1. Does segment 98-108 hold any residues that are among the polar types (S, T, N, Q) and under 12 Å from Ala135 (Cα atoms), and which are they?
2. State which residue pairs qualify: first residue without any contact (Cβ under 8 Å) to a residue 24 or more places away in the chain and on the phi < 0 side of the Ramachandran plot and inside segment 44-68, second residue loosely packed, with under 10 Cβ neighbours inside 10 Å and in a strand (DSSP E or B) in any location, beta carbons under 7 Å apart, and separation of 6 or more residues or different chains.
3. If a residue counts only when it is among the aromatic types (Phe, Trp, Tyr) and modelled with pLDDT under 75, which helices (runs of 4 or more DSSP H) contained entirely in segment 1-107 have at least 1 such residues?
4. Which numbered condition trips up Ile114, out of (1) modelled with pLDDT of 85 or more; (2) under 19 Å from the mean Cα position of the chain (by Cα); (3) surrounded by 13 or more Cβ atoms within 10 Å (Cβ to Cβ)?
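The values are calculated or read from the model by the stated rules, or taken from the named source; none is laboratory data. All of these numbers come straight from a predicted model, not from anything done at the bench. FYI the Cβ positions are ideal-geometry reconstructions off the backbone, even for glycines, and counts take in every protein chain you see.
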Amino acid sequence: MTRERFQVNYLSVVDGKMDYDKINEFCELENMGINSQENINLEMQILEKFEEKTTYTNGRYETKLLWKDDQSRLNNNYEIAKKRLFNLNDKFKRDKNLYLNYKEIIQQQLKDGIVEYANCEPNNTCPGYFMPHHAVIREQKETTKVRICFDASSKSKG
């Protein structure tokens with residue numbers, strides 16, 4: 001004796017006019033607080049600044065980075081950067097060739113305006129963020145055996 005299997009599908013059709021006002025009201029309630037006028041105005045200001053700073057030069061677009069004006073919220077990472085620099089200096093003492101390569105790269109970056117000197121007092125009251133860096137050594141590379149890796153996301157207490 002075999003059993004027969006049945007499959008039942010249910011389809012409901014509602015004939016009527018869609019109430020768009022109710023749907024719009026529901027969506028506004030769902031998004032309450034997400035799209036405040038203050039956020040929209042800020043986004044428009046940022047977009048305007050971006051458009052002002054964007055230029056089309058030699059077949060490509062160039063734009064400046066949009067920095068926040070309030071730098072006071074940056075933590076003081078002077079001690080971390082200093083400690084990493086001392087660790088790097090210890091490596092230089094063990095490997096003079098690494099030191100010479102690193103020095104050459106830093107001098108070129110100073111010349112190109114990529115990095116700058118940080119003239120600070122020993123009491124580390126300098127404003128700003130000190131970007132720790134270290135050497136990446138890849139002997140198997142043909143062109144660049146040593147490169148500098150900047151750690152822009154280093155964390156500090158505070």
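1. Asn101
2. Once the first residue is without any contact (Cβ under 8 Å) to a residue 24 or more places away in the chain and on the phi < 0 side of the Ramachandran plot and sits in segment 44-68, its partners that are loosely packed, with under 10 Cβ neighbours inside 10 Å and in a strand (DSSP E or B) give Thr54/Tyr61.
3. In segment 1-107, 20-30 are the helices (runs of 4 or more DSSP H) which contain 1 or more residues that are among the aromatic types (Phe, Trp, Tyr) and modelled with pLDDT under 75.
4. (3)
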